[in-house]
Amino acid sequence: MHEPRPISRRSLHTALLALALASASAIAQPASQAGSQTASAPQPPQGIPPISAPIQTAYALRFQEIRTGTGPAATPGMILTVQYTGWLAADGTKFDSSRDRASAQFPQGEPFQFVLGGHQVIPGWDTGLIGMHIGGIRRLLIPWQLAYGASGRPPVIPPQADLVFDVELLDATPPDPGSDGYGPVNEPANPQTNAPPTPPAPPTPPTPPDR
């Protein structure tokens, strides 16, 4: 009968390591399952009745800073002067751009002016450009709920169309003294298609959907 060989230090270390990993996995699995079953919404402050229903997200406005400006930040009520280009998020079709309206006076394209927060543009603009600094370029990723809504603006903007805009902030000035800051900046050339707050048909800049 052969005598048992002594276990080497390396083999013993390997065996102990495998046992430790197996134990950790056995312990972690029930904890993970229990966490998924007991996860709940954060408790509200005192005075708000607590509920146990999970939190759900309907839609969200997102943005990316292509270039961070160095001038003052845009705040609601300011008159913004911008250059912009808009695309359909689904297929990249460009449906409007201020840079395409070049002239002798505006060789780089005619800038667009509006009052931030004044409901003269789609909600995605009124929200997504707050805090942007003069000289910056920001890309807005706008869900259809904050753009032209469920109906869209056919034939250019399909129903429930998510949009992408690159917006360059050229200037941001306070409203005229004595005004509420939310009056019209430019009178529309065609009231049937461009009068705030009814959204215009592209290629004019976007305005909020009918409420």
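What follows is calculated from the coordinates using simple rules that are stated; it is not laboratory data. Please read all numbers here as calculations on a predicted model, not as lab measurements. No Cβ is skipped: glycine too gets one built from the backbone with ideal geometry, and neighbour counts run over all protein chains shown.
Annotation: peptides 45-55, 103-113, ranked by per-residue average of other Cβ atoms within 10 Å with the highest first, follow the order 103-113, 45-55. Scoring 160-169, 89-98, 72-81 by mean Cβ neighbours within 10 Å over their residues and listing the highest first yields 160-169, 72-81, 89-98. Using C-alpha pairs below 8 Å separated by at least 6 residues, the relative contact order for the range 62-174 is 38 percent.
Rg then Dmax, both in Å and based on the Cα atoms of the range 62-174: 13.7, 39.
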